[in-house]
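The values are calculated or read from the model by the stated rules, or taken from the named source; none is laboratory data. Since the structure is predicted, the reported quantities are computational estimates derived from the model, not experimental observations. Every residue, glycine as well, gets a Cβ built from its backbone with ideal geometry; the counts of neighbours run over all protein chains shown. Ligands, DNA and RNA are excluded from the accessible area calculation, which covers all protein heavy atoms including side chains. Shrake-Rupley method; radii C 1.70, N 1.55, O 1.52, S 1.80 Å.
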Amino acid sequence: MEAAAELAIQATGLTKRFAATVALDGVDLTVPAGTIYGFLGPNGAGKTTTLRILATLLRADSGTARVLGHDVAREPDAVRARISLAGQSAALDEDLTARENLRVLGRLIGHHSRASRSRAQELLDAFGLADAADRPVKTWSGGMRRRLDLAASLIATPELLFLDEPTSGLDPSSRAQVWDTVRALAEAGTTVLLTTQYLDEADRLAARIAVIDHGTVIAEGTPGDLKAATGAGQLHVQLAAPEQAPQAAAALRRVLDLPVRPGTDPGSLSVAGPAADQAALAVAHLHRNSIPVAAFALARPSLDEVFLALTTRAADDSADPAKEPVV
Amino acid sequence: MTTVPAAAPSSGPGYTSSDAQALSAAPARPRPAPPGPVTAALTFAWRALLKIRRIPEQLSDVIAVPVVFTLLFTYLFGGALAGSPHRYLQFLLPGTLVMAVLLATMYTGVNLNGDLAKGVYDRFRTLRIWQPAPIVGALIGDALRYLLASALVTGLGLLLGYRPHGGVGGVLIAIALVVVFAVALSWVFTLLGLVLRSASAIMSLAVVVLFPLTLASNAFVEPGTMPGWLRAVVHANPVTQLVTTTRAAMDGTVTAVQIATVLAASAALVAVFGPLTMRAYRRHE
Ligand SMILES: Nc1ncnc2c1ncn2[C@@H]1O[C@H](COP(=O)(O)OP(=O)(O)OP(=O)(O)O)[C@@H](O)[C@H]1O
Ligand SMILES: [Mg+2]
């Protein structure tokens, strides 16, 4: 990442309460311009709330956010002129047809009547929605609505696009189409901040990822950074002599200080979460103690494992900070 | 209609040619200059008209209510109150006009509340437009609905034998005053639409307020026979002023002061509830 690259989003210490609920508890977010940035977190973590603050729909209780160089609270119009938002629930007029929806929005963005008409047609064709274009949106399927919602946010190409779970409820081919669109936008220079529940989606698309839980960002980095930092991979060891399993388990536990579980095959053991160099030492330690190893593998963590490791750790911490994981 | 472009080569493994084609067909478009306040408001008015075209049944409140009330009051009370339905109609019609249009104002709040619940306004609020445009545009659409209700009541009245002494000019002044006042009153309902949680809450509040307000006025009966306290209420009721002025306009006896009073009351409503509505709109979460 070029350190000098200008920032699309710079948020510090955003907080937001809804009555008794603390939705955001000090969110810091730095998104470089021109990249796809993934925003991950479990339900209720505060993703949508953060996006709505950045898109000028909500006011933070405290903290500051600059979007494309403008303060969201003090210069909302400057921000609005450059962004576009496709929210979590499709923001469409159910009673109108798709074409009417797009034409109304085209006019509101500033297109003249002719231009808004031709842009509507262009987008309907591009998103494969032309066949249903003149049917009221309320007769559309959920996936079609999501695609129309994305199309509606691209009537004018924004400098920064907020996508709140853009592929939830889409079939695989529609999802691939959305990914393609997002990539093409990023290549053309649009910064995309997208929230998602699908970790493979963030893994495929995002240059950087922030993980949010209980209203704070608990991890940030490239997908590779996150996987490396949590070290949530699995070390699998297959012993040459299954009867040595108890000694082997004790030896691994001594080196790694992690719980060791027997595998399904006799004489197989697995350990969740060791760092790669520690795993290498552990295998060497078995060898030095005359415990022959038939096979071993260090499975790279999936982003799902990273996510679970991070968010459950945060949940444990908040439940009881003093509590250590029980072996 | 554009022709379908030939399939472009696949953009990468796992993507179909239709995806690549999709992208080539929707090139980036720079953002034009934002629309001015008038264009923005008129676009929202156009949206309101499109919605009416798509769901004409939403006009039932400005069609059925006026027709039913005019017929019902004329024939139910006409004989008893004025000796004959025909004679009562001469007195009643301006009153039903006011009632029909004022009752229709509650739907401004109901519609706004429904739009907000569906998230359509989220997108509008991230656009760089004159912030009151969505509400002003919706009110332009509502003004057309009020005109429709006024035309129906007046047309029906004329059919039943109502003869305004003020002639065409008087009728037009009367309708204009009622519609202007109703649009101003609509700002009360835009505020309620933003502040109250549900459409049914707005409806019940509107019914509790608007019905007593229109009934406890001189719309249907002269206050002469009422007990003193009620007469005081009726005289203080702004609907009474509006009905009196409307009646005078239809009779051709309206004074400049009466017209100015209605316009001033309308301006006062907008001056108070316009800013309150916009404040609630900006803060709506
Ligand atoms: N308008 C609101 N009124 C009250 N509470 C709210 C409101 N919006 C959000 N919250 C609460 O704030 C917290 C964060 O919500 P938010 O919608 O930001 O989560 P999220 O990360 O987007 O979740 P999801 O993945 O389910 O969409 C939740 O506890 C939610 O209940
Ligand atoms: Mg959400």
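Could you list all residues from segment A:6-54 that are within 18 Å of A:Ser168 (Cα to Cα), within 13 Å of ligand 2 (Cβ to nearest atom), open to solvent by less than 30 Å² (accessible area, probe 1.4 Å) and of a type outside the set (S, T, N, Q)?
A:Phe39, A:Leu40, A:Gly41, A:Ala45, A:Gly46, A:Lys47, A:Leu51, listed by residue number.
Working carefully through the options A:Arg117, A:Arg145, find the one that is at pLDDT 90 or above and buried (at least 19 other Cβ atoms within 10 Å of the Cβ).
Selected residue: A:Arg145, the only one of A:Arg117, A:Arg145 that is at pLDDT 90 or above and buried (at least 19 other Cβ atoms within 10 Å of the Cβ).
With (1) within 16 Å of ligand 1 (Cβ to nearest atom); (2) not assigned by TED's automatic domain parsing to the domain that holds A:Asp25 as the list, and A:Gly128 as the residue in question, which single condition is left unmet?
Against the list (1) within 16 Å of ligand 1 (Cβ to nearest atom); (2) not assigned by TED's automatic domain parsing to the domain that holds A:Asp25, A:Gly128 comes up short only on (1).
Looking at A:Gly263, A:Gly233, A:Gly267, A:Gly215, which one is touching an Asp or Glu at 6+ places or on another chain (Cβ under 6 Å) and either open to solvent by less than 20 Å² (accessible area, probe 1.4 Å) or outside the structural domain of A:Gly34 (by TED's automatic domain parsing) (or both)?
So the residue among A:Gly263, A:Gly233, A:Gly267, A:Gly215 that is touching an Asp or Glu at 6+ places or on another chain (Cβ under 6 Å) and either open to solvent by less than 20 Å² (accessible area, probe 1.4 Å) or outside the structural domain of A:Gly34 (by TED's automatic domain parsing) (or both) is A:Gly215.
Kindly list the number of the only condition in (1) surrounded by fewer than 19 Cβ atoms within 10 Å (Cβ to Cβ); (2) in contact (Cβ under 8 Å) with a residue 40 or more places away in the chain that fails for B:Ile175.
(1)
Quick one: which residue in A:Asp125, A:Asp134 is of a type in the set (Asp, Glu) and within 9 Å of chain B (Cβ to nearest Cβ)?
When all the criteria are applied, what remains is A:Asp125.
Assess whether A:Ala11 counts as being near ligand 1 (Cβ under 10 Å from one of its atoms), more than 14 Å from chain B (Cβ to nearest Cβ) and more than 24 Å from A:Ala91 (Cα to Cα). Walk me through how you get there before you give the answer.
Working: near ligand 1 (Cβ under 10 Å from one of its atoms): no; more than 14 Å from chain B (Cβ to nearest Cβ): yes; more than 24 Å from A:Ala91 (Cα to Cα): yes.
No, not satisfied.
Among the numbered criteria (1) among the hydroxyl-bearing types (Ser, Thr, Tyr); (2) closer than 18 Å to A:Thr196 by Cα; (3) within 16 Å of ligand 1 (Cβ to nearest atom), which single criterion is violated by A:Thr35?
Answer for A:Thr35: the failing condition is (3).
Of the residues B:Val67, B:Val98, which is in contact (Cβ under 8 Å) with a residue 12 or more places away in the chain and open to solvent by 10 Å² or more (accessible area, probe 1.4 Å)? Please lay out each step first, then the result.
On the way: B:Val98 fails: open to solvent by 10 Å² or more (accessible area, probe 1.4 Å).
Only one candidate passes the filter, namely B:Val67.
Tell me, please, whether a residue that is within 14 Å of chain A (Cβ to nearest Cβ) and in contact with a helix residue (DSSP H, G or I) (Cβ under 7 Å, 6 or more places away or on another chain) can be found in segment B:67-89.
no
Would a scan of segment A:92-112 turn up a residue that is away from ligand 1 (no atom under 16 Å from the Cβ), over 22 Å from the mean Cα position of the chain (by Cα), surrounded by fewer than 18 Cβ atoms within 10 Å (Cβ to Cβ) and at pLDDT below 95?
Taking every residue of segment A:92-112 in turn, at least one turns out to be away from ligand 1 (no atom under 16 Å from the Cβ), over 22 Å from the mean Cα position of the chain (by Cα), surrounded by fewer than 18 Cβ atoms within 10 Å (Cβ to Cβ) and at pLDDT below 95.
Is there any pair linking a residue in segment A:163-192 that is on the phi < 0 side of the Ramachandran plot and within 16 Å of ligand 1 (Cβ to nearest atom) to one that is among the aliphatic types (A, V, I, L, M) and at pLDDT 90 or above, with Cβ under 7 Å and at least six apart or on different chains, and which?
Once the first residue is on the phi < 0 side of the Ramachandran plot and within 16 Å of ligand 1 (Cβ to nearest atom) and sits in segment A:163-192, its partners that are among the aliphatic types (A, V, I, L, M) and at pLDDT 90 or above give A:Leu163/A:Ala86; A:Leu163/A:Val192; A:Leu163/A:Leu194; A:Asp164/A:Leu51; A:Asp164/A:Ala86; A:Pro166/A:Ala86; A:Pro166/A:Leu150; A:Pro166/A:Leu194.
In this structure, does A:Ser153 turn out to be within 11 Å of chain B (Cβ to nearest Cβ), free of Cβ contacts under 8 Å to residues at least 24 places away in the same chain and either open to solvent by 30 Å² or more (accessible area, probe 1.4 Å) or within 22 Å of A:Ser89 (Cβ to Cβ) (or both)? Don't jump to the end; show me each part of the working.
Values: within 11 Å of chain B (Cβ to nearest Cβ): yes; free of Cβ contacts under 8 Å to residues at least 24 places away in the same chain: no; either open to solvent by 30 Å² or more (accessible area, probe 1.4 Å) or within 22 Å of A:Ser89 (Cβ to Cβ) (or both): yes.
Considered against the rule, which asks whether it is within 11 Å of chain B (Cβ to nearest Cβ), free of Cβ contacts under 8 Å to residues at least 24 places away in the same chain and either open to solvent by 30 Å² or more (accessible area, probe 1.4 Å) or within 22 Å of A:Ser89 (Cβ to Cβ) (or both), A:Ser153 comes out as no.
Mind checking which pairs have a first residue in segment A:195-208 that is at pLDDT below 90 and a second that is small (Gly, Ala, Ser), Cβ under 6 Å, 6 or more apart or different chains?
The qualifying pairs are A:Thr196/A:Ala202; A:Ala202/A:Gly38.
Considering only segment B:99-118, state which residues are in a helix (DSSP H, G or I) and of a type in the set (S, T, N, Q).
Once the filter is applied, which keeps residues that are in a helix (DSSP H, G or I) and of a type in the set (S, T, N, Q), segment B:99-118 yields B:Thr108, B:Asn111, B:Asn113.
Exactly one condition in (1) open to solvent by less than 10 Å² (accessible area, probe 1.4 Å); (2) out of contact with any strand residue (DSSP E or B) (no Cβ under 9 Å at 6 or more places or on another chain) is not met by A:Val182; state its number.
So A:Val182 meets the others, but not (2).
Select, from A:Asp225, A:Asp200, A:Asp171, A:Asp257, the only residue that is more than 16 Å from ligand 2 (Cβ to nearest atom), within 11 Å of the chain's Cα centre (by Cα) and surrounded by fewer than 17 Cβ atoms within 10 Å (Cβ to Cβ).
A:Asp200
Could you count how many residues in segment A:137-166 are within 23 Å of A:Arg82 (Cα to Cα) and assigned to a loop (DSSP other than H, G, I, E, B)?
Matching residues across segment A:137-166 total 9.
Within segment B:244-260, identify whether any single residue is open to solvent by 30 Å² or more (accessible area, probe 1.4 Å) and closer than 18 Å to B:Thr105 by Cα, and answer yes or no.
The answer is no; no qualifying residue exists.
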